[in-house]
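Each remark here refers to the structure printed beneath this line.
The values are calculated or read from the model by the stated rules, or taken from the named source; none is laboratory data. What you see is a predicted model, and the numbers here were worked out from it, not measured in a lab. As a convention, Cβ positions derive from the backbone with ideal geometry for all residues, glycine included, and neighbour counts pool all protein chains shown. For the accessible areas, the whole protein counts, side chains as well, though only heavy atoms, and no ligand, DNA or RNA atoms are used. Shrake-Rupley method; radii C 1.70, N 1.55, O 1.52, S 1.80 Å.
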Amino acid sequence: MLIDTHCHLDFPEFDGDREAVVAEAAVAGVAYIVNVASSVIGARRALEVAACFPGVYAVVGVHPHEADMVSEADLREISRLAEREKVVAIGETGLDYYRNLATPQNQQRIFRSQIEIALERGLPLVVHCRQAQEDTLKILKEYPSLRTVIHCFSGDHSFLSECLARGYYCSFTCNITYKKAGDIRSYAAAVPMERLMLETDAPYLPPEGLRGKRNVPAWVRYAAEAVASAQGAGFEQVCEATTANARAFFGII
């Protein structure tokens with residue numbers, strides 16, 4: 001059994017065949033899917049999707065790219081939505097200094113606001129961090145009790161070491177299968193099995209050999225295979241460990 005801990009089934013790329021995509025995942029052994037919002041509208045849609053499928057759960061929040069446009073009313077709505085059934089985390093939130101689609105000041109402000117929501121609602125946090133490791137760690141350090149996963153892990157070994165020292169989980173996507181992703185495979189090899197999670201980030205980041213196609217939750221098994229290879233572990237061992245980790249982190253019974 002596998003869990004895709006981060007995908008975007010609410011995106012329009014899945015409007016034509018969402019039910020078939022979820023069914024395909026189940027056939028492939030993906031028992032649960034965590035659908036992660038990236039905007040207030042996306043959070044509403046994530047809840048709608050979760051309501052349609054027993055094995056799909058929702059994460060509500062605002063991506064750092066949206067930070068310049070987020071109002072206090074938006075944050076209040078995220079807080080209200082976080083109380084809904086099948087909401088298992090807040091996110092994805094964090095910092096992205098690679099594309100800089102929002103100012104760093106607003107990204108940091110919205111990041112902190114969503115951390116506060118997570119703590120108030122007793123939910124874990126799904127963190128996006130791209131070329132913003134120092135500020136991400138600085139902000140998260142202010143909230144030591146926060147349960148955190150770094151989604152689509154990237155950065156360097158120093159960042160990884162600090163994340164692990166703080167007890168964060170690290171989640172790896174199908175980009176670990178790419179021929180030039182030796183650094184990502186080295187990070188996966190260094191993460192203790194009890195801190196690993198798997199995801200697709202679908203519709204993005206399809207596995208090697210399927211690049212150019214839409215990624216789907218069923219393909220999380222490719223990430224599992226690559227992680228198993230990096231760790232020198234068995235495929236079934238990785239499936240069992242990452243599923244147990246995800247169920248505990250998100251409270252999926």
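Annotations
- For Ser186, the criteria (1) part of a strand (DSSP E or B); (2) polar (S, T, N, Q); (3) open to solvent by 10 Å² or more (accessible area, probe 1.4 Å) hold in every case but one, which is (1).
- Applying the criterion of being surrounded by 18 or more Cβ atoms within 10 Å (Cβ to Cβ) and of a type in the set (S, T, N, Q) to the residues of segment 69-122, the residue that is nearest to the chain's Cα centre (by Cα) is Thr93.
- Some residue of segment 94-102 being in a helix (DSSP H, G or I), of a type in the set (S, T, N, Q) and either at pLDDT below 95 or out of contact with any Asp or Glu (no Cβ under 9 Å at 6 or more places or on another chain) (or both): no
- If you go through segment 1-31 and pick out every residue that is of a type outside the set (Val, Ile, Thr) and within 19 Å of Ile150 (Cα to Cα), you end up with 5.
- Flag if Gly61 is touching a residue at least 60 places away in the same chain (Cβ under 8 Å) and surrounded by fewer than 24 Cβ atoms within 10 Å (Cβ to Cβ): no
- Residue check: Met197 meets all listed conditions (1) under 20 Å from Glu134 (Cα atoms); (2) open to solvent by less than 10 Å² (accessible area, probe 1.4 Å) but one, namely (1).
- Inter-residue pairs, beta-carbon under 9 Å, first open to solvent by 50 Å² or more (accessible area, probe 1.4 Å) and in segment 156-169, second hydroxyl-bearing (Ser, Thr, Tyr), 6+ apart: Asp156/Tyr187; His157/Ser186; His157/Tyr187; Glu162/Tyr168; Arg166/Thr148
- For segment 123-145, the set of residues classified as part of a strand (DSSP E or B), buried (at least 23 other Cβ atoms within 10 Å of the Cβ) and either over 15 Å from the mean Cα position of the chain (by Cα) or not β-branched (Val, Ile, Thr) (or both) consists of Leu125, His128, Cys129, listed by residue number.
- Flag for Ala50 being of a type in the set (Gly, Ala, Ser) and over 30 Å from Glu134 (Cα atoms): yes
- Looking across segment 168-208, just one residue is under 22 Å from Leu125 (Cβ atoms), charged (D, E, K, R) and out of contact with any helix residue (DSSP H, G or I) (no Cβ under 7 Å at 6 or more places or on another chain), and that is Asp201.
- Pairs, first surrounded by 15 or more Cβ atoms within 10 Å (Cβ to Cβ) in segment 226-248, second of a type in the set (Ser, Thr, Tyr) and in a helix (DSSP H, G or I), C-beta under 7 Å, six or more apart: Ala226/Thr177
- Where helices (runs of 4 or more DSSP H) fall entirely within segment 1-91, those with at least 3 residues that are touching a Pro at 6+ places or on another chain (Cβ under 8 Å) are at 18-27.
- Of all residues making up segment 189-233, the number that are assigned to a loop (DSSP other than H, G, I, E, B) and of a type in the set (Ser, Thr, Tyr): 2
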